[in-house]
Amino acid sequence: MAWLVLVASGMLEAVWASALGASKGLKRPGPTVLFAVTLLLSMAGLAVAMQTLPVGTAYAVWVGIGATLTVLIAVARRQESLTLARAALLAALIGCVVGLKAVS
């Protein structure tokens, strides 16, 4: 159960990070509210997962999921480009997250 909460929290991290960027310095109300709500939910889920999972592993997985999805959201919105090198590095990051799950 902790792993499912952690994955969901990592996905919410990508939402709040993207909303933060869209808020233009917290000046746009819609993205700012989305940022605040998903930030709280993401942190709460991380806290719940850390009750069972090792802190270092949980945090690394949370950040890895959030960072990967944040880049993919930016690529889907055409705010960033996905080069071969960036795709390879994201694949390596995903591999590291999966590896952390496998060894814990």
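Some notes on this structure:
- Test set (1) in a helix (DSSP H, G or I); (2) surrounded by fewer than 18 Cβ atoms within 10 Å (Cβ to Cβ) - residue 97 fails condition number: (2)
- When residue 104 is tested against (1) over 17 Å from the mean Cα position of the chain (by Cα); (2) modelled with pLDDT of 95 or more; (3) closer than 21 Å to residue 50 by Cβ, exactly one condition is not met: (2).
Residue-wise test of (1) assigned to a helix (DSSP H, G or I); (2) within 25 Å of residue 2 (Cα to Cα); (3) without any contact (Cβ under 8 Å) to a residue 60 or more places away in the chain.
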position: 20; (1), (2), (3): yes, no, yes
position: 57; (1), (2), (3): yes, yes, yes
position: 74; (1), (2), (3): yes, no, yes
position: 82; (1), (2), (3): no, no, yes
position: 93; (1), (2), (3): yes, yes, yes
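- Among (1) touching a helix residue (DSSP H, G or I) at 6+ places or on another chain (Cβ under 7 Å); (2) outside any helix (DSSP H, G or I); (3) not small (Gly, Ala, Ser) - the single one residue 61 does not satisfy: (2)
- Among the residues of the range 2-30, those identified as within 30 Å of residue 101 (Cβ to Cβ) and of a type in the set (S, T, N, Q) are 9, 18.
- Residues of the range 78-101 that are in contact with a Ser or Thr (Cβ under 8 Å, 6 or more places away or on another chain) and modelled with pLDDT of 90 or more: 90, 93, 94.
- Looking only at the range 31-55, and only at residues there that are part of a helix (DSSP H, G or I) and touching a residue at least 40 places away in the same chain (Cβ under 8 Å), the one that is nearest to residue 103 (Cα to Cα): 49
- Filter result (crowded, with 18+ Cβ neighbours inside 10 Å, under 14 Å from residue 3 (Cα atoms) and over 15 Å from the mean Cα position of the chain (by Cα)) within the range 22-55: 50, 53
The values are calculated or read from the model by the stated rules, or taken from the named source; none is laboratory data. The structure presented is a predicted model; accordingly, all values stated were derived computationally and were not measured. Every residue, glycine as well, gets a Cβ built from its backbone with ideal geometry; the counts of neighbours run over all protein chains shown.
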